[in-house]
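The structure appears right after this line, and notes come after that.
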Amino acid sequence: MKAIIIGAGIGGLTTALFLHKHGIECDIYEAAPAIQALGVGINLMPNAMATFDEIGMLPAIETAGVAPDELFYRTASGLTAWKEARGRKAGLAYPQVSIHRGRLQQLLYNAVVDRLSAECVHTGLRFESHLEIAGGVSATFVSATGDRETASGDVLIGADGINSTLRAALYPDEGRPRWSGRLMWRGTADWPSFGEGKHFVVAGTIDARLVLFPIAKGETPGTMLTNWVLVHRAAADGAGFVAQQGWDGRANRERCLAMLEPIDLPDLDIYALASATKDIWEYAMSDRAPLPRWSFGRVTLMGDAAHPMYPFGGNGAAQAILDAKSLGAELSNAHGDPAASLQAYERERREKAYAVVMINREGGPERVIDFVLSRLNSPNDAVEDVAPFEERKAIVQGYSQIAGYSPEHLQMRAS
């Protein structure tokens, strides 16, 4: 069996590694001219790390990133709405890892080159069209100069992101992504470590949210490469659609810094951190509505091409990684034909992924901040008095159950 994968991002490369584990050949086609270390920090939840462990990638990824050991959800003034131990400090078998997206992609690409070959990754070729043929599927790709190349295989897997060309071919009337009404500003900078360099902090108001976490050691002693994200509501949820976005959405620095003013954490000068950031990026937080199906014969979607989601809870990468595992397992099973394998993959993953998409539209686990803010009557109120522990726990830990990284889920995997 041979698979054609569209997209050499995290989902596509991880899919290639899982296919290789099961003895399935593949070729990956990437529109970008080269594999580049683009993006900023992302989070890999323990379920993602457990999945990477199955293909021998856990040690390299854990070494390249930072494993936060404590999570804080706080109001903009620093009041703690919820805190909990994370990863191994919480007694789990697997860590949560924060890492630069580009560095993770490079690690996965290097593994693909080592285990498969460099020849199986084709860059500078954009997917154009596909056609099912007798006993397989063919796909046509086009270069920047207009040259076309055709690839044939048993299945075609679209791992080409929220603006997936394959998804558009399968659903030509869908249109552009759905905007949440929120804008995101993102950046990284070397900054003095806080919380011993292993704290993950989410803080804000109902309309503005700040996320802070280290992703690597800094270049100077005592610093960490710190990733920060500011989310600001600019319109109502679902207020129209947005244009396609790439990785080059450079922000207006002054506008971004002005948006940080409502957040005044007593132990961290976020304004100074953002001011020290060389490149600030701006994105519209968007997702897409759930699809009735991902698979059509020998063609299917995965990752952000299938289920793009708001980044609350840091689960976009994790769900793509789980897709990759399922694809490898189902395509290696004797379902009778590749199309049946893709249907089995979709049955195993579609409802689980869309459950995360929909709860992220409600704010994910971070809505515990909104819950606490809605209960406070004065700055002197104690969180425990106005927002009972069990109700806050239900929000945060209920999310981990839906997303698949609760202690129960991970204990089952470890056994």
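What to note about this one:
- Where Ala32 falls short, out of the listed (1) closer than 30 Å to Ser143 by Cα; (2) of a type in the set (A, V, I, L, M, F, W, C); (3) assigned to a helix (DSSP H, G or I): (3)
- Tabulated pairs, segment 269-297, first closer than 25 Å to Ala317 by Cβ and open to solvent by 50 Å² or more (accessible area, probe 1.4 Å), second at pLDDT 95 or above and part of a helix (DSSP H, G or I), C-beta under 6 angstrom, 6+ apart or interchain: Pro290/Tyr354
- Taking each residue of segment 381-398 that is of a type in the set (S, T, N, Q) and looking for partners that are surrounded by 13 or more Cβ atoms within 10 Å (Cβ to Cβ) with beta-carbon atoms closer than 8 Å, six or more apart or interchain, yields Gln397/Ser406.
- Residue within segment 345-362 that is within 22 Å of the chain's Cα centre (by Cα), open to solvent by 70 Å² or more (accessible area, probe 1.4 Å), modelled with pLDDT under 95 and under 30 Å from Val40 (Cα atoms) present: yes
- A count restricted to segment 139-154 and to residues that are in contact (Cβ under 8 Å) with a residue 12 or more places away in the chain and open to solvent by 60 Å² or more (accessible area, probe 1.4 Å) stands at 5.
- Among the candidates Gly136, Gly195, Gly181, residue that is farther than 30 Å from Ser98 by Cβ and surrounded by fewer than 21 Cβ atoms within 10 Å (Cβ to Cβ): Gly136
- Filtered residue count, segment 79-138, keeping only those that are within 30 Å of Gly398 (Cα to Cα), in a helix (DSSP H, G or I) and either free of Cβ contacts under 8 Å to residues at least 12 places away in the same chain or over 22 Å from the mean Cα position of the chain (by Cα) (or both): 2
- Of all residues making up segment 337-352, the number that are free of Cβ contacts under 8 Å to residues at least 12 places away in the same chain and more than 20 Å from Pro308 (Cβ to Cβ): 3
- Meets criteria (part of a helix (DSSP H, G or I), under 22 Å from Phe52 (Cβ atoms), acidic (Asp, Glu) and open to solvent by 70 Å² or more (accessible area, probe 1.4 Å)) for Glu408: yes
The values are calculated or read from the model by the stated rules, or taken from the named source; none is laboratory data. Just so you know, these numbers come straight off a predicted model, no measurement behind them. Reconstructed Cβ throughout: ideal geometry from the backbone, glycine too, with neighbour counts over all protein chains shown. Just the protein is used for accessible areas: all its heavy atoms, side chains included, with ligands, DNA and RNA removed. Shrake-Rupley method; radii C 1.70, N 1.55, O 1.52, S 1.80 Å.
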